[in-house]
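Each reported figure results from applying straightforward, stated rules to the coordinates on display, with no laboratory input. Keep in mind that what you see is a predicted model, and the values were worked out from it rather than measured. When we count neighbours, we look across all protein chains shown, and the Cβ atoms used for this are built from the backbone with ideal geometry, even at glycine.
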Amino acid sequence: MEKTLSIVKPDGVKKNLIGEVIKRFEQQGLRIAALKMLKMSKDDAKGFYIIHKERPFYESLTGFMTEGPIVVMVVEGENAISKVRETMGATNPKDTAPGTIRADFASDIEHNIVHGSDSKESASYEIPYFFSSIEIH
Ligand code: UDP
Ligand code: MG
């Protein structure tokens, strides 16, 4: 069993896609092990995306991620990391397969509805960023 961190980003919350994202994960046989809504500060977003701090999109991305509330969740299941990534689709909705969350709902490469940890290493940084052990079931 593997755990991964997923986020319905501010654009996904604004577009009323919280249920849609959760439904697609559950349809893959994945289980929601933790869930909450919160609004990140700029520092929260900068810390979460610290691996991207040298990238040209870091400022804009961390601004976008603080525009409104997000829904953070721990998703559990066999190969949860890759299953969530496949369900999300590629970063840029223009490059991604139809039927993925991003192909169906993302507006552009930045405003792409959903986040998912990209590796076990990322998941082990990202899950405790939002959840303590007593919040994960
Ligand atoms: N992003 C962006 N411009 C880019 C690449 C990424 O605005 O050229 C944003 C986008 O919201 C993306 C996030 O930064 O989801 C993190 O980028 P990453 O490469 O980790 O993509 P992901 O893992 O989310 O597919
Ligand atoms: Mg990533």
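A compact table of results
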item	result
Amide hydrogen neighbours beyond the local backbone of VAL114, cut-off 5 Å, H modeled	LYS9
Translational diffusion of the range 6-67, µm² s⁻¹ [Kirkwood Rh, Cα pairs; Stokes-Einstein; 4 °C; 1.567 mPa s]	99 µm²/s
Per-selection Kirkwood Rh - the range 62-137 (Cα, Å, 1 d.p.)	13.6 Å
Proximal charge balance of ALA34 [Cβ under 11 Å; K/R count +1, D/E count -1]	+1
Mean Cβ count within 10 Å, highest first, over the residues of peptides 68-77, 19-28	68-77, 19-28
The range 15-26 - phi-based ³J(HN,Hα) in whole Hz, Karplus 6.51/-1.76/1.60, Gly and Pro as x	8, 6, 10, 4, x, 4, 5, 4, 4, 5, 5, 4
Charge sum, other residues only, whose C-beta stays under 15 Å from GLY89's C-beta, Lys/Arg counted +1 and Asp/Glu -1	-2
Gained length - LYS53 relative to GLU121, 0.36 nm times residue gap less alpha-carbon distance	22.7 nm
Charge sum, other residues only, whose C-beta stays under 10 Å from ILE136's C-beta, Lys/Arg counted +1 and Asp/Glu -1	-1
Descending semi-axes in Å of the chain, equivalent ellipsoid built from Cα gyration tensor	20, 19, 14
